[in-house]
Amino acid sequence: MKYLYSIFLIFTFSCQNSEVSNNKKNISKNDKIFLNKNFQIYIPEKNSFGDSIINSISELRDLKTSIEDLTKLNPNGIESFLDETLIKCNNLLNLKNNNFISRPEIKGRLKVLKTNILKCKFNNHQNDNKNLNKNLKNLFLSYNILFERLEDFR
C-alpha cells in the first residue's frame with residue numbers, strides 16, 4: 001500500500017511540473033523589449049572649453065561615459081545602465097568642493113537630468129516601452145542641454 005501511495009504522489013508531482021514549465025516558456029517569449037536606438041547625444045569638440053571642464057571633473061566625465069553607454073544599451077539590461085547613470089548623477093549633485101558644478105544653472109540642469117533618469121527607471125519597472133522610449137529621448141535631450149550649457153561658460 002505504501003508503494004501505491006508513493007507512485008501516485010510521484011505521478012502527481014511529475015504532471016504538475018510539466019504544466020508549470022510550459023507556462024514559464026510562454027511568459028519568457030513575451031518579455032522582449034523593443035527600444036528606439038536613434039538617439040543623438042551631444043559630443044563636445046576636442047580642446048573646447050566644455051571638453052576641458054569634462055576632463056577636469058572626474059564625476060562629470062563618469063556621467064558622460066554612463067550616458068554614452070545608455071545609447072548603446074541592451075534593452076533587456078537597461079535597468080543596470082539606469083542605476084549606474086543615477087549613481088553618477090547623484091555623485092555629481094553631491095559634489096561640494098567644485099564651484100563650477102555648484103552654479104545654479106548647472107545644478108538645475110543636473111536635477112532635470114536626474115528626474116528624467118528616474119522617469120526612465122519607473123517606466124522600465126512598469127514595462128511601458130512607449131513611455132520609456134519617450135523618456136529616454138527626454139533624458140538625452142536634457143543631457144544635451146547640460147553639455148551645451150557647459151560650452152556657453154567661457
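The values are calculated or read from the model by the stated rules, or taken from the named source; none is laboratory data. Source: prediction; values computed, not measured. Neighbour counts run over all protein chains shown; Cβ positions are idealised from the backbone, glycine included.
Taken across the stretch 96-117, residues that are in contact with a Leu (Cβ under 6 Å, 6 or more places away or on another chain), at pLDDT below 90 and among the β-branched types (V, I, T) do occur, with at least one present.
Among the residues of the stretch 119-154, those that are closer than 19 Å to K72 by Cα and among the aliphatic types (A, V, I, L, M) comprise L132, L136, L139, L141. For the stretch 70-85, does any single residue satisfy the condition of being assigned to a helix (DSSP H, G or I) and touching a residue at least 60 places away in the same chain (Cβ under 8 Å)? Among the residues of the stretch 70-85, at least one is assigned to a helix (DSSP H, G or I) and touching a residue at least 60 places away in the same chain (Cβ under 8 Å), which makes the answer yes.
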